[in-house]
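Contents: one structure, followed by commentary.
The values are calculated or read from the model by the stated rules, or taken from the named source; none is laboratory data. Keep in mind it's a predicted model, so treat the numbers as computed, not measured. In this analysis, Cβ positions are derived from the backbone assuming ideal geometry, glycine residues included, and neighbour counts consider all displayed protein chains. Just so you know, the surface numbers come from the protein's heavy atoms only, side chains and all, with ligands and any DNA or RNA stripped out. Shrake-Rupley method; radii C 1.70, N 1.55, O 1.52, S 1.80 Å.
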2 protein chains.
Amino acid sequence: MRRLSSAPASGTAERPTAERGATAERILAAGEELFCQRGFGAVSVRDIAERAGVQKALVFYHYGNKDALFARVLEGYYRAHTEALSRAFAAEGTRRERFHRLIDAYLDFIAGHVRYAVLVQRAVAEPEAHPFIGENLAPLFEWIAGALREVVPSTGPLAAHHFFVTFSGLVINYFTYAPLLRAAGIEHVDRDPASPEALAERKAHVHWVVDVLLDRLEAG
Amino acid sequence: MRRLSSAPASGTAERPTAERGATAERILAAGEELFCQRGFGAVSVRDIAERAGVQKALVFYHYGNKDALFARVLEGYYRAHTEALSRAFAAEGTRRERFHRLIDAYLDFIAGHVRYAVLVQRAVAEPEAHPFIGENLAPLFEWIAGALREVVPSTGPLAAHHFFVTFSGLVINYFTYAPLLRAAGIEHVDRDPASPEALAERKAHVHWVVDVLLDRLEAG
DNA sequence: ACACCGGTTTACCGATCGGTCAATATCAAT
DNA sequence: ATTGATATTGACCGATCGGTAAACCGGTGT
C-alpha cells in the first residue's frame, strides 16, 4: 500500500536522533499504515509511536489525540481518492468513455489501497460517520448524476442515485467479496483479486455491465 | 433489530435471581445486540454481562472467551441468513422470477438486520475472516452460478462469479451508501433507506438491472 | 548572560481490558 | 442426608489502554 501524505521539503539539516523526515509526518505515516492494517480500535498510540520511531507523548503533542490523528489519516486518503477520480472523469469523450475511465480509476485506486477501502467501509458503517466522508462522496455523485441526467428520470427506481449506488457497488463489492470467494475455493482462478490480470478482468466485466445498462437507458 | 437466537423451551421453574430465560441464552442475546451496535472491539465482556444481568465470569464459563462468543453470534446470524435466502431461491418459476425472489429476500433480510450487515462487512474485512463466512457464502454462490450456467461462459469477464459479486453488491452497497447520500443531503427523498417505500424502490431498481442484464445474456 | 520557545523525553496516572480462581449456591440422583 | 455435577459469584490478576505533567534540550533573539 502506498502512502499518501505529501512529503515535506526536508531540505533542512538532519536531526541527530531521528532517521529523517519531520516527526509529525512520520507519525502520520505510521498511523496510516497501522490504521489501515488493523483498523482504528486495534491500533494503540504506542504502536504508532513505535512504528514512527518516536516517543508516544509526541503523538499527542502533534495531533491532540488518537481520534484527531485518525481523522487526519482519513482526510489524506479521501483527498487522494477524490483527486484520482476527478482526473479520470474529465469531460472529454463520450458518456461511456467517461464512465469506463471512472471505473478503471476507481478500481485502480482501491486496488492500490485495499486496506484503505476496508478502513473506509468501517468508518462508513459508524453511526456518527465523519462528515467529510459524505462531503467527499458528493462530487463523485454529482459527476455520475450529471452524466446520466439526460437518460434517467429524476425520481423512482431508475433515478440517478440508484445508479450511483449500483455502479459504486460494482467496484467496491469486488474487493470485499472476491477474497471470500477465493478463500471458499470458489473462484478457481488462483490469483490475487488486486493483481493486474484479475483487475483487468473485473474492469471488463464492469464495462460490460455499464454498457448494457446505458444501452437500455439510451434506447429510452 | 430482531434477535435470532432460538428461544429455549423455558418451561422449567423460574430462577429467583434472573428474570427469565436460560443464562447462556441471555448472554448470547446481549452479545448479539452489543456486537451489532458497536462492533467487536468496542464491546467489553463486562458490557455483555451487564446487559445480560449476569456476572462477567459466566460469559467465560459458558462460551470460553470473547472471540468464541462472537463466533457464536455470527454463526446464528448466518444460519438465519442462509435459511431466508434458500427459501426464496427455491427452484420454482422462471430464472428471473427466482432472481427477483432472491433479491427481495436479500434486501428484506438485511433491512431487518442492518447492524448485522455492518458487523459482517467488518468481519469480512478482517484478514483472518472466520472460515464459516466463506462457507455460508458458498451455497448462495452455487445457486446463482447454477441459475446462470446456461447463459454465461465459465471464465472471463462474464463468468458466474463476476455476476455473483455484481448482484450481491447491488443489494449490499445500498445499505452502506444510501445513508451516506442522505447525510450528504443528496438523496432528496427524506426517508429511511430501510423503510418499506424506499426498500420497494430499491427492489424495483435491482429487478430492472437484473432483467436488463439477463436479457442481454439470454440473447447470446 | 538571559529568556523564550517548539520539540522531545521520562515517568506517571486512573481506567479498563480479557481472563482466572477458589469459594459457593443450586438441584437432581442416590 | 450425602454426594456430585452444574451454575454462579465476587474478588483478583497482569497487561494495556489513552492521556497528562513536568522536566529537558537546542536554537534564536536580545
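Which value, in Å², gives the accessible area per residue of segment A:138-220 when a 1.4 Å probe is used on the protein heavy atoms?
Working: 3030 Å² over 83 residues.
Computed with neighbouring chains in place, this is 37 Å² per residue.
If you take the accessible area of B alone plus A alone and subtract the pair, what total do you get in square angstrom, rounded to 100, with a 1.4 Å probe?
Between B and A, the summed buried area is about 4800 Å².
Between residue A:220 and the same site in the other copies, what are the distances in nm, shortest first, taking label points 7 Å from Cα along the C-beta direction?
Sorted ascending, the copy-to-copy spacings read 2.8 nm.
Give me the Debye-computed log₁₀ of I(q)/I(0) at q = 0.19, 0.20, 0.23, 0.34 Å⁻¹ for segment A:23-64, equal point scatterers on Cα only, no solvent, two decimals.
Taken in order of the listed q values, log10 I(q)/I(0) reads -0.43, -0.48, -0.64, -1.25.
Which pairs break 31 Å Cα to Cα here: A:66/B:66; A:56/B:66; A:56/B:56?
Where the Cα-Cα span goes over 31 Å, the pairs concerned are A:56/B:56.
Once the label point is set 7 Å along the Cα-to-beta-carbon vector, what list of distances in nm do you get between residue B:95 and its counterparts in the other copies?
Going from nearest to farthest copy, the values are 2.7 nm.
Please report, for residue A:153, the nm distances (one decimal) from its label point, 7 Å out from Cα along the beta-carbon direction, to the equivalent points in the remaining copies, shortest first.
In ascending order, 3.7 nm.
Per residue of A:171-182, what is the mean number of Cβ atoms on other protein chains within 10 angstrom of that residue's Cβ?
6
Distance in nm between label sites at residue A:191 and residue A:68, each 7 Å beyond Cα in the beta-carbon direction?
For the pair residue A:191/residue A:68, the computed spacing is 4.7 nm.
Using a 1.4 Å probe over the heavy atoms of the protein chains, calculate the carbon and sulfur portion of the accessible area of segment A:73-218 as a whole percent. Write out the running numbers ahead of the final one.
Working: 2970 of 5470 Å².
Here it works out to 54 percent.
Which parts of segment B:140-158, residue by residue, lose 50 Å² or more of accessible area when the rest of the protein chains are there, as against the chain isolated (1.4 Å probe)?
Residues losing area: B:157.
Between residue A:217 and residue B:200, how high is the FRET efficiency from 1/(1 + (r/R0)^6) when r is the Cβ-Cβ distance and R₀ = 22 Å? Nearest 0.05.
Details: r = 21 Å, r/R0 = 0.95.
The value I calculate is 0.55.
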